[in-house]
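Trainee: Let me begin by handing over the structure; questions about it come next.
No lab work stands behind these numbers, since they all come straight from the coordinates. Owing to the predicted nature of the structure, the values given are computational and were not obtained by experimental measurement. No Cβ is skipped: glycine too gets one built from the backbone with ideal geometry, and neighbour counts run over all protein chains shown.
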């Protein structure tokens, strides 16, 4: 891989979290932090210009303490020259305070991402969507995983509610 591509991907991956880093409990657009969504990759494929990963996710709600189980499928459109064996994602979940029922994260999201891997991988993904396009998933840490390569592009994620998590 050319150093210029690797440098551009690394710069994008490191800059993305700061672009979406307003993680105060109350956001300037009226959103409140509802909790954290943590996802682990369970399957993935890469066709260079389109890649798809499936994740098993747990939403740790700040208010009621009842964890929820979700499945997420992420399709990335852009340049993906990576082979990632495992990946963990973590987001702060922001939404209007009127959301108070289970399964509110289910829906379709869109956003941008950048990842680079040389043994260990780092990256960032920021997504907006869900009910009435009102939920924001903001990275609270860099993506972590293992693999080799670089990827950046636009992503579409579909999140499906599986019920309350088994503790």
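Trainee: Starting from the Cα of residue 166, move 7 Å in the Cα-to-Cβ direction to define the label point; list residues of segment 65-105 whose amide nitrogen is under 16 Å from there.
Mentor: Within reach of a label on residue 166: 67-71.
Trainee: What's the exposure ranking of 43, 80, going from fewest to most Cβ atoms within 10 Å?
Mentor: Values: 43 10, 80 22.
Ordered by Cβ neighbours within 10 Å, fewest first: 43, 80.
Trainee: Tell me the label-point distance for the pair residue 63, residue 47, using the 7 Å Cα-to-Cβ offset, in nm and rounded to one decimal.
Mentor: Reported label-point gap for residue 63 and residue 47 is 4.1 nm.
Trainee: Modelled label-to-label distance, residue 108 and residue 54, 7 Å Cα→beta-carbon offset: nm?
Mentor: For the pair residue 108/residue 54, the computed spacing is 2.0 nm.
Trainee: Given R₀ = 30 Å, FRET efficiency for residue 156-residue 120 by Cβ-Cβ distance, to 0.05?
Mentor: On the way: r = 26 Å, r/R0 = 0.87.
After rounding, the FRET efficiency stands at 0.70.
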